[in-house]
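> This is the structure, below, for whatever I ask next.
The values are calculated or read from the model by the stated rules, or taken from the named source; none is laboratory data. These figures come from a predicted structure and were not determined experimentally. So basically every Cβ, Gly included, is an ideal-geometry build from the backbone, and we count neighbours across all protein chains shown.
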2 protein chains.
Amino acid sequence: MVKSPRAFVISTGTEITQGLYADTNAMHLSRILRDHGFEVVGHAAAPDDAGRIRDAIRGTFGVADLVIVTGGLGPTEDDLNREIVARLWEVPLVRVHRAEEMIRERFRSRGVSMPERNLGQADIPEGAKTLLNFWGTAPGFAMPGTGGRPMLLAMPGVPAEWRAMMDRYFRRVVLPMFPNRPVSRIHTIHLSLVPESTVNGWIRDLFDSMEGVRLGILASRGIIRVRIAASGDTDAVRDRRMEAMRGCLRDRLPTEFVLAEGPESTTPEDVVIETCLERRLTIATAESCTGGGIARRLTNVSGSSGVLLEGFVTYGNGAKTRTLGVDGELLERHGAVSGECAAAMATGARERTGANVALSVTGIAGPGGGSKEKPVGTVWFAIASEEGVQTILRAFPGSRSDVREWSENQALDMLRRYARGLPTVPTG
Amino acid sequence: MVKSPRAFVISTGTEITQGLYADTNAMHLSRILRDHGFEVVGHAAAPDDAGRIRDAIRGTFGVADLVIVTGGLGPTEDDLNREIVARLWEVPLVRVHRAEEMIRERFRSRGVSMPERNLGQADIPEGAKTLLNFWGTAPGFAMPGTGGRPMLLAMPGVPAEWRAMMDRYFRRVVLPMFPNRPVSRIHTIHLSLVPESTVNGWIRDLFDSMEGVRLGILASRGIIRVRIAASGDTDAVRDRRMEAMRGCLRDRLPTEFVLAEGPESTTPEDVVIETCLERRLTIATAESCTGGGIARRLTNVSGSSGVLLEGFVTYGNGAKTRTLGVDGELLERHGAVSGECAAAMATGARERTGANVALSVTGIAGPGGGSKEKPVGTVWFAIASEEGVQTILRAFPGSRSDVREWSENQALDMLRRYARGLPTVPTG
């Protein structure tokens, strides 16, 4: 079986290790590498410090077949990567004349005088292939993997520059060095509102059960993603393995919890809007503790204007009464966080808008407002349709934003279940 | 001068190395470490693979004094960190009874039956201090730095859980082990809706102008943060430097753009709610292209229930007419994305709710819906108060979510300016 070449991504720059930015270069490069059949075996970030950068690069020797390093190619004292790589590969730096010309030309064409030190950017470790930079000043380079060292690709840290370089050079310069890549396929099954440990219990014995197939579980506030990565010596083998594992998972994962299959980035709101468009269903929302978060997510989907007729953010009791017609006496007797209030909100929103289905949320997101009977995390939901009104009580853990996100996911799950003709809450 | 203890941040999880997420845990932890006088000498991310995680942790030996590892503490086969640390420190795992009880109780209180394997989360390397988890199931632990190994803090990867753990345990368990830290002070000035290059022009010559003081600028869709980091041999020197730089910046940065000074995490919505509470002002929102995002952000602030009377998500024309009383003829003549429509939405929302001020947004977030006259990114805003109605047109760059975030920030800036008695848009 063809093994994936192993790749490592290193970001250099004190702004990363100081936490000014998240390392999104590593994320995007990892996706590109994975899509081309590499296995990313690690990320590292090092400050602009020769010792730390050298250690990070040396740490990949014997571990990775390809290292991509971004940053550290500028003209300042801080930019050390050319020299560090030259020393690690035990070669001198050599001036690349075509690169030097391009740097001079860049300054000339802008009518700016060039500080002499900028030419240092045209120095490249001997033996490396220069990657001319048509999108910025500093060229990159590709160092061959020799003497136990991996192949190393050095590029500027500016996303627009390394992206353009990857587009131009990756297929031409890097991929030919790794002719045998098992181009793996990824498939994701999204589940909704089921505990991670329950999903794990359903499929535990499938982990490591099939050669060339890896499973992973990712959970985030009610949304569970089961990821299948399949590879094989031939495309046919790989696809057969993928299909076999998908079949196994289909047997194990109850369909009512399955939100979607396919792309990694599918969201519950995508599924709700798509299903409602198919079935020509319209929605209204009435939100208290989520404060508009459900409407915001639904309207983030293209095409949602045909589905979401209207959203109400009725945070205070005045708004609940004024706009949704929730009875003042009801609010006094049961409180705003009650099944009665949730039901009245959903009914009011449905009547006001004429939507097929209205969904309401009212709860205590915290940190204040909790009591012994209704602690922080207590959230009531109601769904009103021509079939009547159904209410559900949930207790969510975590911070204010956690409770709000759990609540959004629960609400979207109820809408999904309604649109698909499933019971609004799990059976049994 | 006291030297900073060296820290290293490791994130474990195949979702990071595969590029599913950016490693924001490393970013946030680095900020916390730096604010407490640590120097972050590197980040690493490893997939759920024992060899890779072990290498990443071992790579910090001799390089760091403190290692923070997130992830890998859940109940599944993928969660290997307890065992890896125990092996590297050459100690057995021991069951922590209090942690076991908490896990059992967590399931009991939710009325969910507990899979037996969940108890494995209560196993901790011998000699480590258990960090009980009151916000999730898996406890963390703090392993002392012995035999050339750094101190190691292991926490769950879920941001809400490690954040709560850092709040509770970092000062108590970790900091006493590092008594000599040159504590630098950080101060952030937040600006709103002014170009980064303009801010840069105002303060460019202050960069590197003062010993022991570092400046940084961070921009994100209309919000600019200017960060001052001051340090010194003594607290008095450090504080004097900080005050001197704050004074310089105060002279340079026009107050009307200054959102707030102080903590890194201050948001525009925090400022709007705080100012409105002080001045006893109430708000209503009427959102089209932001789809509830403004209401969501306002209601994310504790105390917002006294300010936001009601929010309307009127995405379609029907809702604009039905709930906000926007004239059908007006919509036909000018279209929903027009100053006229924005004005009518704001007026309608204010009349309906009796709020002091109503803010409306209507625009084209894309990717579809643009035209030559009204390209994607065209957004109209209106603000209605007893002083009348004012409309503003903006053109924002980027993707659908970029346009929505810019629009939210613009709307919140108009509310902030109104609440502070400033002109709704910059003068001159």
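> For segment A:337-364, name all the residues that are among the hydrophobic types (A, V, I, L, M, F, W, C) and either under 11 Å from A:A284 (Cβ atoms) or outside any helix (DSSP H, G or I) (or both).
A:V337, A:M345, A:A346, A:A349, A:A355, A:V357, A:A358, A:L359, A:V361, A:I364 - these are the residues of segment A:337-364 that are among the hydrophobic types (A, V, I, L, M, F, W, C) and either under 11 Å from A:A284 (Cβ atoms) or outside any helix (DSSP H, G or I) (or both).
> At pLDDT 95 or above and over 19 Å from A:Q410 (Cβ atoms): which single residue out of A:G368, A:G363, A:G348 fits that description?
None of the others qualify; the one that does is A:G348.
> Moving to a separate point now. Residues in segment A:131-151: is at least one within 14 Å of chain B (Cβ to nearest Cβ) and at pLDDT 90 or above?
No, segment A:131-151 contains no residue that is within 14 Å of chain B (Cβ to nearest Cβ) and at pLDDT 90 or above.
> Which one of these is touching a residue at least 40 places away in the same chain (Cβ under 8 Å), more than 12 Å from chain A (Cβ to nearest Cβ) and either crowded, with 17+ Cβ neighbours inside 10 Å or among the polar types (S, T, N, Q) (or both): B:S338, B:S371?
Just a single option satisfies the conditions, and that option is B:S338.
> Output yes when any residue across segment A:202-214 is farther than 30 Å from A:M143 by Cα and among the β-branched types (V, I, T), and no when none is.
Yes: one or more hits.
> Next question. What do you reckon, is A:R420 of a type in the set (K, R) and in contact (Cβ under 8 Å) with a residue 40 or more places away in the chain?
Answer is yes for this residue.
> Something else: Which condition breaks for B:D35 when tested against (1) within 17 Å of B:I124 (Cα to Cα); (2) acidic (D, E); (3) modelled with pLDDT under 95?
In the conditions (1) within 17 Å of B:I124 (Cα to Cα); (2) acidic (D, E); (3) modelled with pLDDT under 95, B:D35 misses (1) alone.
> Still on this structure, I have one more. Can you pull out the helices (runs of 4 or more DSSP H) entirely within segment B:276-336 that have at least 3 residues that are assigned by TED's automatic domain parsing to the domain that holds B:T362 and touching a Leu at 6+ places or on another chain (Cβ under 8 Å)?
Qualifying helices (runs of 4 or more DSSP H): B:293-298, B:317-324.
> Another question, then. State the number of residues belonging to segment A:280-321 that are more than 27 Å from A:G377 (Cβ to Cβ) and modelled with pLDDT of 95 or more.
Result for segment A:280-321: 6.
> Of the numbered conditions (1) assigned to a helix (DSSP H, G or I); (2) buried (at least 16 other Cβ atoms within 10 Å of the Cβ); (3) not assigned by TED's automatic domain parsing to the domain that holds B:G145, B:V173 fails exactly one; give the number of that condition.
With respect to (1) assigned to a helix (DSSP H, G or I); (2) buried (at least 16 other Cβ atoms within 10 Å of the Cβ); (3) not assigned by TED's automatic domain parsing to the domain that holds B:G145, B:V173 is out only on (3).
> In segment B:283-321, which residues are without any contact (Cβ under 8 Å) to a residue 12 or more places away in the chain and more than 7 Å from chain A (Cβ to nearest Cβ)?
Result: B:T321, single match.
> Looking at segment A:10-23 only, could you name the residues that are among the hydrophobic types (A, V, I, L, M, F, W, C), in contact with a helix residue (DSSP H, G or I) (Cβ under 7 Å, 6 or more places away or on another chain) and either at the interface with chain B (Cβ under 8 Å from one of its Cβ atoms) or at positive phi (or both)?
Of the residues in segment A:10-23, the ones among the hydrophobic types (A, V, I, L, M, F, W, C) are A:10, A:16, A:20, A:22.
Applying the additional criterion that residues be in contact with a helix residue (DSSP H, G or I) (Cβ under 7 Å, 6 or more places away or on another chain) yields A:10, A:22.
Once the filter is applied, which keeps residues that are among the hydrophobic types (A, V, I, L, M, F, W, C), in contact with a helix residue (DSSP H, G or I) (Cβ under 7 Å, 6 or more places away or on another chain) and either at the interface with chain B (Cβ under 8 Å from one of its Cβ atoms) or at positive phi (or both), segment A:10-23 yields only A:A22.
Residue-wise test of (1) under 25 Å from the mean Cα position of the chain (by Cα); (2) within 11 Å of another protein chain (Cβ to nearest Cβ); (3) closer than 18 Å to B:T60 by Cα.
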{"site": "A:N25", "(1), (2), (3)": "yes, yes, no"}
{"site": "A:S30", "(1), (2), (3)": "yes, yes, no"}
{"site": "A:G37", "(1), (2), (3)": "yes, no, no"}
{"site": "A:A45", "(1), (2), (3)": "yes, yes, yes"}
{"site": "A:D49", "(1), (2), (3)": "no, yes, yes"}
{"site": "A:T60", "(1), (2), (3)": "no, yes, yes"}
{"site": "A:D65", "(1), (2), (3)": "no, no, no"}
{"site": "A:G71", "(1), (2), (3)": "yes, no, no"}
{"site": "A:P75", "(1), (2), (3)": "no, no, no"}
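> So, B:S4, is that one more than 27 Å from A:P47 (Cα to Cα) and either more than 12 Å from chain A (Cβ to nearest Cβ) or part of a loop (DSSP other than H, G, I, E, B) (or both) or not?
Details: more than 27 Å from A:P47 (Cα to Cα): no; either more than 12 Å from chain A (Cβ to nearest Cβ) or part of a loop (DSSP other than H, G, I, E, B) (or both): yes.
It is false that B:S4 is more than 27 Å from A:P47 (Cα to Cα) and either more than 12 Å from chain A (Cβ to nearest Cβ) or part of a loop (DSSP other than H, G, I, E, B) (or both).
> While we're here: When you look at B:E264, is it within 13 Å of another protein chain (Cβ to nearest Cβ), surrounded by fewer than 17 Cβ atoms within 10 Å (Cβ to Cβ), outside any strand (DSSP E or B) and within 25 Å of the chain's Cα centre (by Cα), yes or no? It would help to see each step written out before you state the result.
Values: within 13 Å of another protein chain (Cβ to nearest Cβ): yes; surrounded by fewer than 17 Cβ atoms within 10 Å (Cβ to Cβ): yes; outside any strand (DSSP E or B): yes; within 25 Å of the chain's Cα centre (by Cα): yes.
For B:E264, the condition - within 13 Å of another protein chain (Cβ to nearest Cβ), surrounded by fewer than 17 Cβ atoms within 10 Å (Cβ to Cβ), outside any strand (DSSP E or B) and within 25 Å of the chain's Cα centre (by Cα) - is met.
> While we're looking at this one, here's another question. Checking the conditions here, which among A:G136, A:G145 is within 13 Å of A:L73 (Cβ to Cβ) and either in contact with a helix residue (DSSP H, G or I) (Cβ under 6 Å, 6 or more places away or on another chain) or not in a strand (DSSP E or B) (or both)?
That would be A:G136, the only listed residue that is within 13 Å of A:L73 (Cβ to Cβ) and either in contact with a helix residue (DSSP H, G or I) (Cβ under 6 Å, 6 or more places away or on another chain) or not in a strand (DSSP E or B) (or both).
> Given the conditions (1) touching a residue at least 40 places away in the same chain (Cβ under 8 Å); (2) part of a helix (DSSP H, G or I); (3) away from chain B (no Cβ under 14 Å), which single one is not true for A:L259?
Failed condition: (2).
> Evaluate segment A:389-402: report whether one residue or more is away from chain B (no Cβ under 12 Å), assigned to a strand (DSSP E or B) and more than 33 Å from the chain's Cα centre (by Cα).
Yes, some residue in segment A:389-402 is away from chain B (no Cβ under 12 Å), assigned to a strand (DSSP E or B) and more than 33 Å from the chain's Cα centre (by Cα).
> Looking at (1) free of Cβ contacts under 8 Å to residues at least 60 places away in the same chain; (2) crowded, with 17+ Cβ neighbours inside 10 Å; (3) not in a strand (DSSP E or B), which is the one condition that is false for B:G157?
(1)
> Scan segment A:341-355 for residues that are at positive phi and within 8 Å of another protein chain (Cβ to nearest Cβ) and report the count.
Total meeting the criteria: 0.
Here is a yes/no grid of residues against (1) within 19 Å of B:L20 (Cβ to Cβ); (2) assigned to a loop (DSSP other than H, G, I, E, B); (3) among the hydroxyl-bearing types (S, T, Y):
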| site | (1), (2), (3) |
| --- | --- |
| A:V183 | yes, yes, no |
| A:I186 | yes, no, no |
| A:I189 | yes, no, no |
| A:D205 | no, no, no |
| A:E211 | no, yes, no |
| A:I217 | yes, no, no |
| A:R225 | yes, no, no |
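> Specify the residue that is nearest to the other protein chains (Cβ to nearest Cβ); the eligible residues are those in segment A:179-199 that are modelled with pLDDT of 90 or more and buried (at least 20 other Cβ atoms within 10 Å of the Cβ).
A:V199
> OK, next. Pull out all pairs, ordered by first then second residue, where Cβ-Cβ is under 6 Å, the residues are six or more apart or on different chains, the first lies in segment B:218-247 and is under 20 Å from B:L259 (Cβ atoms), and the second is of a type in the set (D, E) and modelled with pLDDT under 90.
Taking only residues 6 or more apart or on different chains, the pairs are B:A219/B:E196; B:I224/B:E196.
> Taking the criterion of being buried (at least 23 other Cβ atoms within 10 Å of the Cβ), out of contact with any His (no Cβ under 7 Å at 6 or more places or on another chain) and over 20 Å from A:E310 (Cβ atoms), would at least one residue in segment B:359-366 satisfy it?
no
> Something else: Can you pull out every residue in segment A:69-113 that is crowded, with 17+ Cβ neighbours inside 10 Å, among the acidic types (D, E) and in a loop (DSSP other than H, G, I, E, B)?
A:D79, the sole residue that qualifies.
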